[in-house]
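The structure under discussion appears below in the form of structure tokens.
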Amino acid sequence: MSTQTDTSFSSGQNKPLGKILVEITDLKQDELETALTQNAKADIPMKIGAYLLQRKLVTEDQLLRALCIQLDLPFYSKLPIQEIDPSLVAGLTIQFCRDHKVLPIARDLYQTTIAVADPLNIFPMDDLRLILGGSVGVVVAPASVIDMAINRVFERASDSQQGIMDELNEDEIGGDDDLEETRDLLESSDGEGPIIRLVNGLLARSVRERASDIHIEPYEKEVMVRFRIDGTLSDKMQIPKRHMATIATRIKILGKLNIAEKRIPQDGRISIKVAGKEIDVRLSTLPTAHGERIVMRLLDKSSGAPTLAKTGMSDAMYAQYTSLVEQKHGIVFVTGPTGSGKSTLLYASLMHINKSDINILTIEDPVEYQVNGIGQTEVKDKVGMTFGAGLRAILRQDPDVIMIGEIRDSETAQIAVQASMTGHLVLSTVHTNDTASTVTRMMDFNIEPFQLSSALLGVVATRLLRRLCKSCRVDHKPTVRELESIGMTNDQFAEKKIFKAGPGCEKCVQSGYSGRVGVYELLVLDDELKELIVQTQDANVIKKKAIEKGMLTLRDSAIERVMAGITSIEEAINKTQTEEIDVGGAKPPSAPTVPTDTPEKK
């Protein structure tokens, strides 16, 4: 078993811990003596190691290394997670391991080796000797390292879906233990029914593989399960068709839907916890010819709402966009297809302007992120709470900023434009392909050109491109066809290092990509463009003029990411449409304006 073990120090048995810390860290002897004196005067003196850690005179890692020297124990800075046999935790619960920061990592003929974060806490060791049935050996690792290993090992222990498939019985759907207390799915026991464990296993696996959606699709002879990872669907497993009804029933129980109703679509929500992460699941069922199709969208609530500085905008575009959302009145649209990052950008915009002296109200379908300091209202069509009705009520709540989840009809569009012209800043999304098309889309909602030109501050179009996995990406020389597709020449790429997706590795789940980055097209309305809106409704004319005035298109923004080594040419071509306007071709800058790691802006 390969590990990273520190054996560079000689045995420190019988040496005081403080003396060892002075020898192996930057802790000074006088600092140690002062700490010993102050700690002794305290009402309840602490162990000297804990006191030094509290005063930030040593780090957790340094303290553990010193303890290992004193106790003559091995110290592991990393644990061999992939080499740990999941059967080692068969008799343990994940909660026990988390509470005591312990994990069995190896077993031989003589003993079981246990990784611990606190080698002085001997009580869990006694329990482990009884549970594991034999002697135990101890190694020490940081608490964060042990926590990560616990989650990964228990995930693998619970991810035995083939074995569950063998146990499945058509009449087993499990009881109504619908996770009211948001129990961690990794705590599922073998005593639960196979359907319950199958569904829990799918949810746990989807979180581990960074899936945004789970698709359960019934066909004539089988049920296909697919995950959407970084915007791309991939097959994960097949389930015999006879089990679809019980799986659908189990998922409906979790989502508190009507299990007897199979003729109409239903929507619900599930709150779960996987490996310590709180996940909100939006559930949708749809009757089809071969059974109910189920889609679950996953949102990691523990990650919190995004920040505008981390959306991946270039410095110049970031400055332009923040100036728009900091205006006192007017309307800003975010546009793009489903799954292009519109809601993420809207929430990031709200976080940027969220202050105690500003009243921000939203109307959404549904509320995706809970944000402190913002009043959020959810659309409920069944009881008459539509976007229009909610927006009229919001205007009576003295708002400064209004966020509308989506403009879908003329009523909502009219109220939004009127609100933006009467002292409110309005942020909303619209489904169009690019920025200029949003102007004509608003005309379709019966908004007069002069109204729109007065109210509209700007439009930003967004797409999400998959990031190349840094662990397995490979160098790439663009082909002539690729260069023609993006309107570039070899000379423009001459001094740039271009990459493409590699063969895949463990870090990227064998896909060659890991995570996504936003690309943007920002149309800022000036007097000339506003006059053009009044004179014409042709999106191409507006877009051509905006490009002449320096607007970078989605394709230009994507090429910047290619030149920065963030994504591939193939991804840039697939996710951004070819420009149809004759403006002399794409003109990306000679050097990328987006840094590869897009650090947070100050």
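The values are calculated or read from the model by the stated rules, or taken from the named source; none is laboratory data. Only a predicted model underlies this, so the values are computations on that prediction, with no experimental measurement involved. In this analysis, Cβ positions are derived from the backbone assuming ideal geometry, glycine residues included, and neighbour counts consider all displayed protein chains. Areas reflect the complete protein model, heavy atoms only, side chains present, ligands, DNA and RNA absent. Shrake-Rupley method; radii C 1.70, N 1.55, O 1.52, S 1.80 Å.
Shown in residue order for segment 470-485 are the 3J(HN,Hα) couplings computed by the Karplus curve 6.51 cos²θ - 1.76 cosθ + 1.60 at θ = phi - 60°: 5, 7, 10, 5, 10, 5, 9, 9, x, 7, 4, 5, 5, 5, 5, 5 Hz (x for Gly and Pro). Computed over protein heavy atoms with a 1.4 angstrom probe, the accessible surface ordering of Met224, Met46, largest first, is Met46, Met224. The H on the amide N of Ala115, modeled in the peptide plane, is under 5 Å from the matching H of Leu103, Ile105, Val139, each at least 5 residues off or on a different chain.
In this calculation the C-beta distance from Glu548 to Thr422 is compared with R0 = 35 Å, giving a FRET efficiency of 0.60. Over the chain, accessible surface divided per residue gives 48 Å², non-protein components excluded, 1.4 Å probe. Shown here for segment 217-324: GluC sites (Glu not before Pro) in loop regions (DSSP other than H, G, I, E, B) with at most 11 other Cβ atoms within 10 Å, namely Glu220.
Rounded to the nearest 500, what is the chain's calculated 222 nm mean residue ellipticity when only DSSP H runs of at least 4 contribute -39500 (n - 2.57) each, over all residues?
Values: 21 runs with 207 residues, N = 602.
Mean residue ellipticity at 222 nm (helix-derived): -10000 deg cm²/dmol.
With the simple model of a label 7 Å out from the Cα in the direction of the Cβ, Lys382 to Lys507 spans 4.6 nm.
Can you say what percent of the DSSP beta bridges in the chain, counting only those with both residues inside, are antiparallel? Round to 5.
Details: 59 of 90 bridges.
Rounded to the nearest five, the antiparallel share is 65 percent.
At full extension, Ala50 and Ile264 could sit 71.0 nm farther apart than now, given 0.36 nm per residue minus the alpha carbon distance.
For Lys328, a cut-off of 20 angstrom between C-alpha atoms picks up these lysines, skipping any fewer than 8 places away in its own chain: Lys355, Lys530.
Computed from the C-beta positions of Met237 and Asn433, the FRET efficiency with R₀ = 51 Å rounds to 0.90. Legend: P(r) of segment 279-385 from all alpha carbon pair distances, 5 Å bins from 0, whole percents, reading 2, 9, 16, 21, 19, 14, 8, 5, 3, 1, 1. With 0.36 nm allotted per residue and the present C-alpha distance subtracted, the Ala319-Val367 stretch has 14.5 nm of extension available.
If I model the chain as equal point scatterers sitting on the Cα atoms and use the Debye formula, what is log10 I(q)/I(0) at q = 0.05 Å⁻¹? Results for the chain at q = 0.05 Å⁻¹ read -0.30. When a 1.4 Å probe is rolled over the protein heavy atoms, the share of accessible surface on the chain that falls to carbon and sulfur comes to 48 percent.
Cross-link reach is defined here as a Cα-Cα straight distance under 29 Å, omitting same-chain residues fewer than 8 places apart; for Lys382 the lysines meeting it are Lys252, Lys256, Lys262, Lys301, Lys342.
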